[in-house]
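Taking it in order: structure first as structure tokens, then the write-up.
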Amino acid sequence: MALAGAQLAPAQDDILIKLSLDRDSILVGDQVDMTLQVSYSKSIRFSFPALGDTLMPGIEIVKTSGVDTLRNEKKEDRVDVQRKYTLTSFDGGIVYTLPKIMLALNRGAAVDTFASNELTLKVALPPMDSTFTPNDIKPPVQYPVTIAEAAPYVGGGILLLALIAFAVYYISRRNANRPLFFKPKPKEPAHIIAFRALSKLKGEQLWQQGRVKEYHTRISEIIRVYIEDRYNIQAMENTSEEILRDVELNNLCSKERLDALREVFYTSDLVKFAKFVPPPDENESCFNLTQQFVEKTKLEQPVEPTKAEG
């Protein structure tokens with residue numbers, strides 16, 4: 001089946017956008033994959049938009065995939081990425097014109113907005129069976145109560161008694177100002193974990209042995225773990241652009257620290273996906289920028305006040 005969609009070429013040729021459907025018609029309640037493909041020059045940066053749960057009235061987004069990076073064999077200076085959105089609709093007998101997907105393109109300080117092509121999706125009602133004849137409703141049949149039927153009620157009663165006993169225990173422990181079970185071991189601060197990982201990475205001297213990709217992959221993992229623990233955002237699953245967007249939108253650090261984080265992620269992505277081999281000073285720079293980011297954004301632990309003697 002041919003894909004529904006068309007290639008669009010914006011005013012600049014450094015980004016190409018293609019929006020397509022794996023089929024152009026579905027039945028009510030069925031699902032269809034919409035793919036957004038972007039080919040862009042390595043000299044620019046962009047991020048996929050957050051579409052939420054509803055694409056438009058009548059069209060819901062069931063699932064959004066991660067970002068897949070496709071290798072461009074013909075043009076080494078370009079990066080091809082794609083993201084899939086699984087759509088469904090419960091309003092049949094309608095031909096929907098899906099809205100254009102808007103993308104923001106960053107060229108240094110300048111920001112341009114590009115739109116994808118429009119698509120149409122037909123949502124059809126299931127065919128009616130004209131030969132169907134409804135039957136009369138049969139009266140209910142009475143059967144004796146079995147052990148399997150009574151078991152949920154007995155189990156529910158036991159569970160209710162257990163909950164009451166736990167509530168009494170909890171209230172008594174709270175009134176006595178005593179811990180419910182045991183005092184949990186406090187988790188290490190995020191910056192301590194990050195500094196330990198950076199120290200270990202530095203001692204392994206990976207890039208000095210030619211293991212540049214492994215070196216930058218480790219740096220990317222260390223900073224992602226730190227950001228997720230420090231700011232409670234999903235840094236391990238999100239793309240670099242999504243992490244930078246969350247940090248910037250929530251004003252989690254200064255512009256200087258954000259620019260340093262962007263440089264670390266940009267270099268790491270080039271090494272992992274574009275086989276870029278940075279010079280030695282850039283390897284050291286990424287390590288130092290990561291260490292400085294942790295140092296400048298770490299959450300200091302409050303000092304417990306000491307009781308005065310006498």
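Each residue in the stretch 72-110 was checked for being surrounded by 11 or more Cβ atoms within 10 Å (Cβ to Cβ), without any contact (Cβ under 8 Å) to a residue 40 or more places away in the chain and over 30 Å from VAL28 (Cα atoms), and 3 pass. Considering (1) assigned to a helix (DSSP H, G or I); (2) touching a Lys or Arg at 6+ places or on another chain (Cβ under 6 Å); (3) not aromatic (Phe, Trp, Tyr), the lone condition that MET236 does not fulfil carries the number (1). When we screen ILE61, ILE26 for residues that are in a strand (DSSP E or B) and in contact with a Gly (Cβ under 8 Å, 6 or more places away or on another chain), the only hit is ILE61. Every condition in (1) of a type in the set (Val, Ile, Thr); (2) more than 30 Å from LYS187 (Cα to Cα); (3) surrounded by 15 or more Cβ atoms within 10 Å (Cβ to Cβ) holds for VAL277 except the one numbered (3). Screening the candidates LEU258, LEU249, LEU198 for the property of being of a type outside the set (Asp, Glu) and at pLDDT 90 or above yields one hit, LEU198. Scanning the stretch 193-207 for residues that are in contact with a helix residue (DSSP H, G or I) (Cβ under 8 Å, 6 or more places away or on another chain) and assigned to a helix (DSSP H, G or I) turns up ILE193, ALA194, PHE195, ALA197, LEU198, LEU201, LYS202, TRP207. Condition (residue is among the hydrophobic types (A, V, I, L, M, F, W, C) and in a loop (DSSP other than H, G, I, E, B)) applied to the stretch 264-280: is it met by at least one residue? There is at least one residue in the stretch 264-280 that is among the hydrophobic types (A, V, I, L, M, F, W, C) and in a loop (DSSP other than H, G, I, E, B). In the stretch 275-288, the residues that are in the same structural domain as LYS75 (by TED's automatic domain parsing) and of a type in the set (A, V, I, L, M) never reach a residue that is at pLDDT below 90 and assigned to a helix (DSSP H, G or I) with C-beta atoms less than 8 angstrom apart, at least six apart or across chains. When the criteria are applied in full, ARG174 fails the requirement of being part of a helix (DSSP H, G or I) and either aliphatic (A, V, I, L, M) or assigned by TED's automatic domain parsing to the domain that holds PHE276 (or both). Within the stretch 77-87, can one find any residue that is basic (Lys, Arg), over 28 Å from PHE276 (Cβ atoms) and modelled with pLDDT of 85 or more? The answer is no; no qualifying residue exists.
Tell me which residues, restricted to the stretch 38-64, are under 16 Å from THR113 (Cα atoms) and among the polar types (S, T, N, Q). Listed by number, the residues that qualify are SER39, SER41, SER47. Could you list, in sequence order, all residues of the stretch 167-185 that are at pLDDT below 75 and not charged (D, E, K, R)? Listed by number, the residues that qualify are ALA176, ASN177, PRO179, LEU180, PHE181, PHE182, PRO184.
Contact map, the stretch 232-261: first residue surrounded by 11 or more Cβ atoms within 10 Å (Cβ to Cβ), second residue assigned to a loop (DSSP other than H, G, I, E, B), Cβ cut-off under 7 Å, separation 6 or more or different chains; pairs are THR239/VAL67; ILE243/ALA235; ASP246/ILE233; VAL247/CYS253.
The values are calculated or read from the model by the stated rules, or taken from the named source; none is laboratory data. Keep in mind that this is a model prediction, so the values were computed, not measured. Don't worry about glycine lacking a Cβ; one is built from the backbone with ideal geometry, like all the others, and counts go over all protein chains shown.
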